[in-house]
1. Mind listing just one residue for me: the one in segment 157-182 that is more than 18 Å from the chain's Cα centre (by Cα) and open to solvent by 30 Å² or more (accessible area, probe 1.4 Å) and, of those, modelled with the lowest pLDDT?
2. What do you reckon, is Ala365 at pLDDT below 85, out of contact with any helix residue (DSSP H, G or I) (no Cβ under 7 Å at 6 or more places or on another chain), open to solvent by 40 Å² or more (accessible area, probe 1.4 Å) and closer than 15 Å to Ala447 by Cα?
3. Quick check: is even one residue across segment 16-33 crowded, with 20+ Cβ neighbours inside 10 Å, out of contact with any helix residue (DSSP H, G or I) (no Cβ under 7 Å at 6 or more places or on another chain) and farther than 28 Å from Thr200 by Cβ?
4. Could you count how many residues in segment 202-218 are surrounded by fewer than 24 Cβ atoms within 10 Å (Cβ to Cβ) and in a helix (DSSP H, G or I)?
5. Considering only residues that are over 17 Å from Ser284 (Cβ atoms) and among the polar types (S, T, N, Q), which ones fall in segment 35-53?
6. Within segment 239-286, which residues are touching a Gly at 6+ places or on another chain (Cβ under 8 Å), farther than 19 Å from Arg431 by Cβ and either in a loop (DSSP other than H, G, I, E, B) or at pLDDT below 95 (or both)?
7. Can you tell me which of Gly424, Gly415 is in a helix (DSSP H, G or I), surrounded by fewer than 24 Cβ atoms within 10 Å (Cβ to Cβ) and in contact with a helix residue (DSSP H, G or I) (Cβ under 8 Å, 6 or more places away or on another chain)?
8. Just one of (1) within 30 Å of Ala406 (Cβ to Cβ); (2) surrounded by 12 or more Cβ atoms within 10 Å (Cβ to Cβ) trips up Leu378, so point out which.
Amino acid sequence: MQTLNVITLSAMAAMWLVGCRVSYRWSATWGVTERASRLAFAIAIPACGLIASTHVVALISLVVGRGLVTPITVAIAYAAWTVGCVRLAPTGEPGAALVESLSPSERGSIHRWRWAISIVATMYVVFLIDALTRYPQGYDAMYYHFPVAIQWMRDHALTMVPGINFLSNPENGMIVPFLLSFVRAEVLFPLVHVPHVLLTGAAVFGLIRAVGVGTSGALAGAVLALGMPVVAFQGFSGYIDLYGASFWLTSLLALTWASRVDTDRARRALFVVAGLSAGVALGSKTTHLVLVTFLAAVAFLVEWTRAHESLPGTRRPMNNLLLFSSAVLVCSAFWFVRGTVEMGNPFYPLGVRFGDVTLLPGTFADEIFPMRPLADRLARWWYYPWRETKIAGVGYAYSVNGGMGAAFAAFVPVGLLVLICSRGTWRPRTREQRWRLVLLMLSLSGAVLILTVFQEMVRFVLPLLILSVVPASVLIDRLSRRSPRLVTTMITVGLSVGVAVGVYKPARACLTRAKNGLSDRHAFYGVPRVIDETPVGTRILNLADASMNYGLMGRDFRNYVIDPNVWRKALCVEGISSEALRRNRVDYVYASIEGSLDWPADLPVRLVPDDSLPEWHAQVATGLLYRVESSEEGIVARDRSAVQRTASAAPRLP
């Protein structure tokens, strides 16, 4: 079966490549003349097909109540999608080659920005080396993203855990790891979002060209966007914010092209692509319920941007919005259906209430994002991004949670301010000027969302932060025409500073692993060696930090890990007892050193000794593993002093 899954996934990869080539050629027939935009559509359309194919099989599985979602069934549905695209795409049209020669102006732009491109490329090389020499990481990824994908693999269905909101989220971004888990391809998990870095860069370049900026300015803006440390961190982690952002930006790019092409057929095709991409973004994260609403508004305004002297009627904009919204559901409707069937709430895990009346069950926004006084929020954010500090917790300011970089801070806020103060911005006459106004308003809404709805979570508005580079590129283009050397030098220096700070963390981690022998999986995650050697199906109760869920699954995902929230909420267990351990067939208990001191003295568990971890371990705090004995006969009450001695000898974070 393992061999068959490998062959099936290889065939799906080949179908994806065929889809890329077909989509690139197809977009050229719609009138998409800009190369980066065609590349963005070539990456996005096959990915949308994979999501839609998986959703079709998952929906059938949900209806019949059986686990049917496997690489073979998904491959059959994806083959149908690919064949359909091949049959629909015209042949013999311009743009059939996926790689075309560059024009003299494009070659000149690349030469001009060669140092900036080299600096950003160096950053990604460092991140790539780090990703290739480690196991998957990222707090949320270890807590629920990857564990959810592994659970889907075991269930052969896109299941949820009612009552646990983090384990019931829409997870389009985990469908590829879900399929890879069938062949235990854990080594590829840190790389699944790398194509979305390229997709983000291509979409940003195309959007900048849509607002009337030349090739050189568009290249500078794209390099500036990809040079943001948060983009690099997201691209090599298990977080899905960049995944959703890349498709959100691609959807917006398709809408800009829908206002530029000449034929109604091409315009409809681009609205469908925009809707499919927006659906992927919507199904990747609940916060995109807000962000995709912005795209729907833009879809309605496309007719206004088509350089009309007067406002259009409502019939055509409403038709555009209907087509866009229908396409959105293709890659997102499954999550709404699942929520309705399982919990009676299509938006689950988000609840809906009016005043004090709960209309739909779930978790409410004010429970996820604790409200701070607005004055406090303004005091903490007025200097951002000129000064970037970690808002909460410990660690680095540059991470998956934030980090715009010096070049972004130097040019983007000023570029937006100049555009706001420009008289022509608010009296647009041409299509490019109208798109500048639309994209400017979207960018400014990111700051509003950070301070209000999303309560200071930078990565939740990542699409809008990346988008802010687009209107700011208008100023970069103007300045570079007047003082090309000065602007090029300033951006290059700014990128150098941001990259130097950004690569410190992955470079340090990579060197630390090489020095301290953290190449084994158990050592990387700071768990005893026995975790990777247990019989398949071993049940481990995790009472330590929830981010240990993935590490405790062991090599080849052999262990079933009971999340601490599942233990308390879904299984309705308070504390820990002999009866609870037996009822839930727990084989091992993993707990923090401090937490295990409060257990009942007669609990039938025995500390598992382990000396396999290095003396100095800088990855995670170390917990203790206990084996649950099958019988209480002969079990001696645990020696608390021995546990305390273990705690004092355990390695600590530096």
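1. Gly163
2. Against the criterion (at pLDDT below 85, out of contact with any helix residue (DSSP H, G or I) (no Cβ under 7 Å at 6 or more places or on another chain), open to solvent by 40 Å² or more (accessible area, probe 1.4 Å) and closer than 15 Å to Ala447 by Cα), Ala365 does not qualify.
3. No, because not a single residue in segment 16-33 is crowded, with 20+ Cβ neighbours inside 10 Å, out of contact with any helix residue (DSSP H, G or I) (no Cβ under 7 Å at 6 or more places or on another chain) and farther than 28 Å from Thr200 by Cβ.
4. Count: 2.
5. Residue satisfying the conditions is Ser37 alone.
6. Correct list: Tyr239, Ile240, Ser284, Lys285.
7. Gly424
8. Against the list (1) within 30 Å of Ala406 (Cβ to Cβ); (2) surrounded by 12 or more Cβ atoms within 10 Å (Cβ to Cβ), Leu378 comes up short only on (2).
The values are calculated or read from the model by the stated rules, or taken from the named source; none is laboratory data. Computed from a predicted structure; not experimentally measured. Positions of Cβ are generated from backbone atoms using ideal geometry, with glycine treated the same way; all protein chains shown enter the neighbour counts. The area values use the complete protein model at the heavy-atom level, side chains included, leaving out ligands, DNA and RNA. Shrake-Rupley method; radii C 1.70, N 1.55, O 1.52, S 1.80 Å.
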